[in-house]
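Okay, structure first, notes after.
Rule-based calculations on the coordinates, nothing more; no lab input. Quick caveat, the model's predicted, so the values are computed rather than measured.
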Amino acid sequence: MPLSQVQAVAAQYGVQVGPLSSVTVTRLSASGRPAEILLVGASGASRLGGAKAGGSSGRWARRGPA
């Protein structure tokens with residue numbers, strides 16, 4: 001998934017860190033899904049946790065070729 005698409009989805013959750021420079025899964029759930037994601041951008045960093053990180057809403061689901 002391109003960083004621009006990740007940034008668009010993260011913005012839906014209120015993440016405002018400027019243009020993204022990195023995205024790191026910092027914790028996994030017992031089932032192996034992301035439980036926390038660290039997003040680092042030009043103006044700071046933010047963490048998404050719980051369902052927001054794991055994509056239970058389907059927003060993070062990969063669709064088509066990357």
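Inverting the pair-averaged 1/r between distinct Cα atoms of segment 3-54 gives 10.9 Å as its Kirkwood hydrodynamic radius. Under 5 Å between amide hydrogens, built in the peptide plane, is the criterion, and for A35 it picks out R27, L28, S29 among residues at least 5 positions away or on other chains.
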